[in-house]
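See structure below.
The values are calculated or read from the model by the stated rules, or taken from the named source; none is laboratory data. Only a predicted model underlies this, so the values are computations on that prediction, with no experimental measurement involved. In this analysis, Cβ positions are derived from the backbone assuming ideal geometry, glycine residues included, and neighbour counts consider all displayed protein chains. Calculation scope for accessible area: heavy atoms of the full protein, side chains included, ligands and nucleic acids excluded. Shrake-Rupley method; radii C 1.70, N 1.55, O 1.52, S 1.80 Å.
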Amino acid sequence: MFRRAFWFTAGAAAGVWATTKVNRKLKQLTPESLAAQAADKAVETGHRLKEFALDVRAGMLQREAELGEALGIEAPVDDPALPAPRRAAALDSPRDGARPPYTDKHSYNRNEDH
């Protein structure tokens, strides 16, 4: 009699445990939960990338300082006396209002190339 009660209780406990595990796993696999997990992973990846970029920047500045010392260059990177970086000439707008050669009198038509 006690043996049957023991096995009945053990079976009931195993059933409750298995049901609880399955329900937890099903809740983890709902679309809302999967979206939240993906968002958490994306945020975590963003933080890691930001830390990596900051480490790279710090290493770059350290290496630039080392090279500056080795070459005897003492000018800081953000020196206001230095000119600003230039854009590519193709991106600059013409200063005198001139148009590119292909927009002069006649428009350029590829079908008339013969």
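Computed from backbone phi, the HN-Hα couplings of region 7-12 come to 5, 5, 5, 5, x, 5 Hz, rounded to whole numbers (Karplus: 6.51 cos²θ - 1.76 cosθ + 1.60, θ = phi - 60°; Gly and Pro given as x).
Shown in residue order for region 18-32 are the 3J(HN,Hα) couplings computed by the Karplus curve 6.51 cos²θ - 1.76 cosθ + 1.60 at θ = phi - 60°: 5, 5, 4, 4, 5, 5, 4, 5, 5, 5, 6, 9, 6, x, 5 Hz (x for Gly and Pro). Derived scalar couplings between HN and Hα for region 35-52 equal 5, 5, 5, 5, 5, 4, 5, 5, 5, 4, 5, x, 5, 5, 5, 5, 4, 4 Hz in order, rounded to whole Hz, by the Karplus curve 6.51 cos²θ - 1.76 cosθ + 1.60 (θ = phi - 60°), x for Gly and Pro.
Note on exposure: Arg48, Arg63 ranked by accessible area (1.4 Å probe, complete protein assembly) read Arg48, Arg63, with the most exposed listed first. For region 20-63, the residues whose backbone nitrogen is under 20 Å from a point 7 Å from the Cα of Ile73, taken along Cα to Cβ, are 56-63.
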